[in-house]
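In what follows, a single structure is set out as structure tokens and then discussed.
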Number of protein chains: 2
Amino acid sequence: MKILIDTFGADEGSKVLVDGAILALKQKDFIPVFVGNESELEKLIDGKIKDYEIIHTDEYISNDEDPVRAIRRKKNSSLVLAYNKLNEEGYDGLLSAGSTGGLLAGGIFISKRIDGIDRPSLAAPLPSIGAYTMLMDTGANMDCKPAYLAEFAIMGKVFLENVIHIKNPSIGLLNVGVESHKGNKLTKEAYELLSNSKLNFVGNVEARDLFTGKVNVIVADGFAGNIAIKSAEGVISLFKAQMKEVFYKSLKNKLAALAIKDDLAKQMGKFSSQNIGGVPLLGVKSYVYKAHGNSNAIAISNAILGLIEYINMDVINKIQGELND
Amino acid sequence: MKILIDTFGADEGSKVLVDGAILALKQKDFIPVFVGNESELEKLIDGKIKDYEIIHTDEYISNDEDPVRAIRRKKNSSLVLAYNKLNEEGYDGLLSAGSTGGLLAGGIFISKRIDGIDRPSLAAPLPSIGAYTMLMDTGANMDCKPAYLAEFAIMGKVFLENVIHIKNPSIGLLNVGVESHKGNKLTKEAYELLSNSKLNFVGNVEARDLFTGKVNVIVADGFAGNIAIKSAEGVISLFKAQMKEVFYKSLKNKLAALAIKDDLAKQMGKFSSQNIGGVPLLGVKSYVYKAHGNSNAIAISNAILGLIEYINMDVINKIQGELND
């Protein structure tokens with residue numbers, strides 16, 4: 001199996017992507033195909049990988065660029081080269097820690113959408129104290145029709161069943177109240193549509209239940225999903241800053257902080273994005289995974305292993321099957 | 001000055017509302033007009049208030065009822081009686097800890113809207129490490145037009161200038177990115193409208209900056225505003241539960257927790273809703289304040305004092321003036 005790895009886009013540079021591949025190779029056999037600066041990559045690999053390929057380029061798509069325009073014009077960017085290679089026989093999947101918009105645009109314009117899917121979506125696993133929860137969409141699709149939310153639900157269900165191995169995942173709709181009559185025009189119509197589907201739809205979910213593991217897949221338009229996630233991020237930052245202030249306030253507090261430091265790190269580490277590593281771009285005809293820009297080598301390794309499982313489980317054909325049902 | 005106090009709706013019962021009024025009377029002179037069960041109220045007052053009125057009723061509007069229907073039909077409910085009295089000469093303001101929907105419906109159908117305001121809105125002050133920040137709307141108005149968001153901005157500006165005493169408050173638009181081209185159809189159009197207004201519009205604000213005090217008024221449709229607030233609430237609960245688990249894990253941790261407990265409570269107390277007490281229902285022709293259902297007597301006292309300041313500053317006429325400008 002050949003996995004294309006876009007080596008641009010990680011905050012810490014190409015090294016984490018190469019090191020992540022080396023780590024993943026200890027658990028699974030695959031051939032990494034690095035896309036990036038050849039001489040730099042050779043130096044980083046330094047004999048530690050036996051079987052690999054390099055596609056050389058120095059061009060890449062940054063987060064500031066208009067993604068659709070960049071995908072169309074920057075033919076030598078790492079992402080466009082990787083996507084084109086992915087369309088060739090023998091190349092199985094693509095991992096990138098770079099521009100989310102670019103990854104989405106490349107998926108739509110180079111890999112193309114699965115028949116019956118209007119809007120591909122990046123799934124986001126949420127930190128949870130209960131069951132595995134995934135939110136779709138989190139920012140790729142702004143103005144959604146009810147049918148798009150139903151598509152997200154179907155794709156999420158197939159992914160969770162096959163890659164995360166959750167039987168008949170429960171589906172919830174992000175809304176302002178649990179009652180069926182609650183919400184805006186979009187969620188009221190989506191509620192109807194999901195209720196009448198064959199999905200295991202359990203109803204509305206309030207944003208305060210995003211992290212309690214009440215349901216497995218929570219669907220939302222990309223605007224609301226993005227607001228939900230970033231609001232949570234904001235409050236966590238605020239909370240951490242407050243804790244830090246308390247911890248450094250006095251010698252007594254510093255000693256107390258020292259005593260609980262390790263347990264605190266372990267407890268909060270459960271919610272680290274590094275464990276998850278990456279998320280699938282669902283709805284396109286090729287296997288694409290997005291890793292966070294701030295990934296370390298462990299996160300990249302986990303992303304590669306997730307991508308391999310995603311490919312092995314033949315999820316794209318299964319989504320197609322579900323849509324034809 | 002006479003302040004109507006709906007004594008139904010607080011989780012802890014009528015007692016917190018009477019006790020809150022007693023506390024507030026120590027700081028400001030006013031005549032409380034309690035709406036609720038007369039004999040119970042007399043027992044709670046127990047000679048501790050010199051000058052007061054009671055409007056007797058045992059009927060109230062609960063959170064589960066359709067608010068518009070309830071306001072129209074339950075003529076003897078505490079909220080309808082209070083709103084009707086508020087339309088009479090000599091009654092200045094109304095405080096309720098009951099049904100938010102009922103309060104909004106009563107405002108629209110009994111007090112009526114300010115000329116030029118399409119959608120009244122409940123403002124929500126946010127916990128912030130920086131400047132005072134208020135979010136509008138947080139759930140009253142689901143599907144908004146761009147013009148509604150501009151109305152929220154005007155009402156928020158006048159309230160902050162006069163009641164919170166912030167000069168020329170900055171206005172931000174809740175969005176998925178800071179760039180002007182970001183967002184859904186609503187926010188793109190609202191961005192245009194706000195940019196061309198006389199308001200101190202500073203652009204888009206991401207949800208992660210809701211709590212950093214970057215801007216004074218953040219406008220959003222009620223769906224997105226509600227998702228933002230409840231997501232933050234959810235993650236705080238999760239965080240607190242995790243902390244608690246660490247604190248109780250071992251004797252060593254218990255001792256450490258004991259050492260920092262007071263400082264932690266003080267630091268986090270800054271963000272307590274009890275300090276704020278209540279929020280104004282902006283956009284209607286009478287002075288109405290909403291207290292949280294879980295308010296204690298201090299929160300009610302603060303809400304009453306806020307309501308009196310709101311009345312004294314003549315905010316309704318000032319909003320009307322701003323709209324006529």
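Numbers at a glance
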{"quantity": "Cα-only Debye scattering, chain B: base-10 log of I(q)/I(0) at q = 0.10 Å⁻¹", "calculated": "-0.61"}
{"quantity": "Sulfur and carbon atoms: percent of accessible area, segment A:121-273 [1.4 Å]", "calculated": "56 percent"}
{"quantity": "Over segment A:208-267 - Rg/Rh using Cα atoms and the Kirkwood inverse-distance radius", "calculated": "1.16"}
{"quantity": "Per-residue SASA entry for residue A:185, accessible area with 1.4 Å probe, Å² rounded to 10", "calculated": "130 Å²"}
{"quantity": "Dimensionless Rg ratio for segment B:121-273, taking C-alpha atoms and the 2.2 N^0.38 Å reference", "calculated": "1.22"}
{"quantity": "Amide H contacts of residue B:170 (H built 1.01 Å from N, under 5 Å, at least 5 apart or other chain)", "calculated": "B:216, B:217"}
{"quantity": "Whole-Hz ³J(HN,Hα) from phi, Karplus 6.51 cos²θ - 1.76 cosθ + 1.60, for segment A:118-131, glycine and proline x", "calculated": "7, 9, x, 8, 8, 7, 10, x, 9, x, 8, 8, x, 5"}
{"quantity": "Accessible area buried between chains B and A, both sides summed, probe 1.4 Å, in Å² to nearest 100", "calculated": "4800 Å²"}
{"quantity": "Reachable lysines from residue B:75, criterion Cα separation under 21 angstrom, eight or more residues apart if same chain", "calculated": "B:85, B:112, B:285, B:290"}
{"quantity": "Computed E for residue B:27/residue B:115 - FRET, C-beta separation, R0 25 angstrom, nearest 0.05", "calculated": "0.15"}
{"quantity": "5 angstrom amide H check on residue B:135, placed H, neighbours 5+ away", "calculated": "B:124, B:126, B:218"}
{"quantity": "Proportion of all alpha-carbon pairs of segment B:161-202 beyond 15 Å (%)", "calculated": "45 percent"}
{"quantity": "Diffusion constant of segment B:167-251 at 4 °C, which comes from Stokes-Einstein with the Kirkwood Cα-pair radius and 1.567 mPa s, µm²/s", "calculated": "89 µm²/s"}
{"quantity": "Ratio of the Cα radius of gyration of segment A:1-111 to 2.2 N^0.38 Å, where N counts its residues", "calculated": "1.01"}
{"quantity": "Cβ charges +1 (Lys, Arg) and -1 (Asp, Glu), total dipole of segment B:121-273, debye", "calculated": "660 debye"}
{"quantity": "Burial ranking of peptide ranges B:289-297, B:112-120 (average Cβ count within 10 Å, highest at the top)", "calculated": "B:289-297, B:112-120"}
{"quantity": "Nm distances between copies for residue A:178, ranked from closest, using label points 7 Å along Cα→Cβ", "calculated": "3.9"}
{"quantity": "Residues along segment B:234-250 losing 30 Å² or more of accessible surface when the other protein chains are present rather than the chain by itself (probe 1.4 Å)", "calculated": "B:234, B:235, B:236, B:238, B:239, B:242, B:243, B:246, B:249"}
{"quantity": "Label-to-label distance, nm, for residues given as residue B:268 and residue A:1 (7 Å Cα→Cβ offset)", "calculated": "4.3 nm"}
{"quantity": "1.4 Å probe accessible area per residue over the protein assembly as shown, in Å²", "calculated": "43 Å²"}
{"quantity": "Inter-copy separations for residue A:321, label at 7 Å along Cα-Cβ, nm, ascending", "calculated": "7.1"}
{"quantity": "Segment B:65-139 pair-distance distribution - Cα-Cα, 5 Å bins, rounded %", "calculated": "3, 14, 22, 22, 18, 11, 7, 3, 1"}
{"quantity": "Kyte-Doolittle at least 0.5, axis length at least 18 Å by Cα - qualifying DSSP helices, chain A", "calculated": "A:146-159, A:222-247, A:297-312"}
{"quantity": "Debye log10 I(q)/I(0) for the protein assembly as shown, one point scatterer per Cα, at q = 0.11 Å⁻¹", "calculated": "-1.13"}
{"quantity": "Across the identical copies, how the residue B:53 labels are spaced - nm, sorted shortest first, 7 Å along Cα→Cβ", "calculated": "8.5"}
{"quantity": "From phi via Karplus (6.51, -1.76, 1.60), per-residue ³J(HN,Hα) for segment A:206-213 in Hz, x at Gly/Pro", "calculated": "7, 4, 6, 9, 5, 10, 9, x"}
{"quantity": "R0 of 45 Å, Cβ-Cβ distance residue A:51-residue A:261: FRET efficiency to nearest 0.05", "calculated": "0.60"}
{"quantity": "Within chain B, longest stretch clear of exposed GluC sites (Glu not before Pro) (DSSP loop, no more than 12 other Cβ within 10 Å)", "calculated": "B:180-325"}
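The values are calculated or read from the model by the stated rules, or taken from the named source; none is laboratory data. Note that the structure is a prediction, hence the values are computed from the model and not measured. We place every Cβ from the backbone using ideal geometry, glycine too, and count neighbours over all the protein chains shown. Ligands, DNA and RNA are stripped out before the accessible areas are found, and what is left, the full protein with its side chains, is counted by its heavy atoms. Shrake-Rupley method; radii C 1.70, N 1.55, O 1.52, S 1.80 Å.
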